[in-house]
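A.B. asks: The following block contains the structure, expressed as structure tokens.
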Amino acid sequence: MGFFSFLRKKPKKITESAGRFQDFSYSLNDYSTSELLRSLSPSEFLMYGLMVRAVQLIANDIAKVNFTIQRKKANGDIEHSQDTYIAKLLNDKPNNSQTPWEFKKTLIWNLLLYGSCPILIVKDDFNNPIELLPIFPYYVNKVENESGAKYFYVKKDKPIEIYSDEIIWVEYEMIQGFDSLNIRTLFKSTISKIKENELSIINAIKNDMRSSMFIKVKDITNNEQRRQASEMLKEMMERSKKTGSLSVVLDERWELGKATDIINTQIDLQTRNSLGREFAASLGIPPAKLGIDDPNKYNSSVELNRAYVDNSLKPLLINLCQRLTLSLANKDEKITFKTIDLLSVDIKSIQEFAASAINNGYATANEIRQLLGFDKHPDGDKLLANGTLTPVNDLSKLKGENIE
């Protein structure tokens, strides 16, 4: 029995809300026996702020993108449309329970946090898709064998098979040998790397506090100061031996404090910067986008945004669009997106780039329009553009000559 045959038997309990397929009440560490996803330590927990910011940044930027249908015409030209049935389903009303914004954010959340974002395709009696429902990833199992892939809904006591034409299965990455490569495993492996390379010494000191000491003294410039400093250090060490506690000289006033405070400070500063740079790089996000100090500075916000779009947003969108195309599009159609939707934060730089490329012969107006996701202009292969990308549509009148 197919999954949707099961749905139709119990419509009130199972089909009335898409919310049944989303369950964010589970801890991010549940559903796994992997040591990599063990419970977080307090210092690691603090670092989860980076992951939350990264997920929200990517999900919000992708949620504002509208899908478009790219169709190849009989004469070979490419046209784009958002007026087709599938485009409207994706952009206007993907299901009865979510707005398009919520739908796209749920897909990205599932994709990044859990490594996959399965989507149920609800069809009418004529086999036309009428709803697209994101499913909580752990409710569906994918089983692959020589005959292909099979999908099972495992929330019930007895698994129910979902037919391949009833589901769109999108994965974050597919690398042989990795059962689940997602943002959490990247995050946790980065923490492990930071700990191995930078925190092992600090932890060793922290575990042997009675025989260790941190000292920060002001520069000593004469013999008298050196003598006084030596005497004060001897007194401090004697007090430490008697009390069994570790003291530390903090500043020129010789105030005493706890070494653990300095250790925790070092963990926070070192881990935040190192972890942030490593983690952002694994997602294709320039660290500066997450507010992390980065020695590899970008010359402008334009370069920063372009690196973020090219390395982080586009790969996710291309992966998602190609899977949607395989399941929903017609033979000569592709589901894609407009690049300009990702770059709309900096329209001025787009205008400057396009006008310069066109007027200096590096690209035609139609090539720029295609890059941004627009259809061809009838005269776009032989036109210049001004600074606002307005076509100069009759150069012969301006120059008094035929330029063709």
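A.B. asks: Out of the residues in the stretch 98-146 meeting the condition of being outside any helix (DSSP H, G or I) and among the hydroxyl-bearing types (Ser, Thr, Tyr), tell me which one is surrounded by the fewest Cβ atoms within 10 Å (Cβ to Cβ).
C.D. replies: 99
A.B. asks: Answer yes or no as to whether residue 324 is assigned to a helix (DSSP H, G or I), surrounded by 14 or more Cβ atoms within 10 Å (Cβ to Cβ) and either within 27 Å of the chain's Cα centre (by Cα) or modelled with pLDDT under 75 (or both).
C.D. replies: Criteria met by residue 324.
A.B. asks: Sort out which residues of the stretch 68-114 are more than 25 Å from residue 128 (Cβ to Cβ) and of a type in the set (D, E, K, R), and write them in order of number.
C.D. replies: Across the stretch 68-114, the qualifying residues are 77, 105.
A.B. asks: Quick test for you: out of 32, 17, pick the one residue that is modelled with pLDDT under 50, within 30 Å of residue 291 (Cβ to Cβ) and either touching an Asp or Glu at 6+ places or on another chain (Cβ under 6 Å) or small (Gly, Ala, Ser) (or both).
C.D. replies: One residue alone meets the criteria, 32.
A.B. asks: If the requirement is being among the basic types (Lys, Arg), at pLDDT below 95 and farther than 23 Å from residue 310 by Cβ, which of these qualifies: 53, 71?
C.D. replies: So the residue among 53, 71 that is among the basic types (Lys, Arg), at pLDDT below 95 and farther than 23 Å from residue 310 by Cβ is 71.
A.B. asks: Also: Restricting to the stretch 81-97, name every residue that is surrounded by fewer than 21 Cβ atoms within 10 Å (Cβ to Cβ) and either touching a Phe, Trp or Tyr at 6+ places or on another chain (Cβ under 7 Å) or among the basic types (Lys, Arg) (or both).
C.D. replies: 87, 88, 91, 93
A.B. asks: If we scan the stretch 88-97, do we find a residue that is in a strand (DSSP E or B), more than 15 Å from residue 323 (Cα to Cα), touching a residue at least 40 places away in the same chain (Cβ under 8 Å) and touching a Pro at 6+ places or on another chain (Cβ under 9 Å)?
C.D. replies: no
A.B. asks: Continuing with this model, one more query. Name, by its number, the condition in (1) surrounded by 13 or more Cβ atoms within 10 Å (Cβ to Cβ); (2) within 24 Å of residue 329 (Cα to Cα); (3) basic (Lys, Arg) that does not hold for residue 73.
C.D. replies: Here residue 73 meets the rest and fails (1).
A.B. asks: Is there any pair with a first residue in the stretch 70-85 that is part of a loop (DSSP other than H, G, I, E, B) and a second that is modelled with pLDDT of 85 or more and not hydroxyl-bearing (Ser, Thr, Tyr) whose Cβ atoms are under 7 Å apart and which are 6 or more apart or on different chains, and what are they?
C.D. replies: 73/79; 82/66; 82/91; 84/69
The values are calculated or read from the model by the stated rules, or taken from the named source; none is laboratory data. Not measured: the values here are computed from a predicted model. Neighbour counts are summed over all protein chains in view; Cβ atoms, including those assigned to glycine, are modelled from backbone coordinates with ideal geometry.
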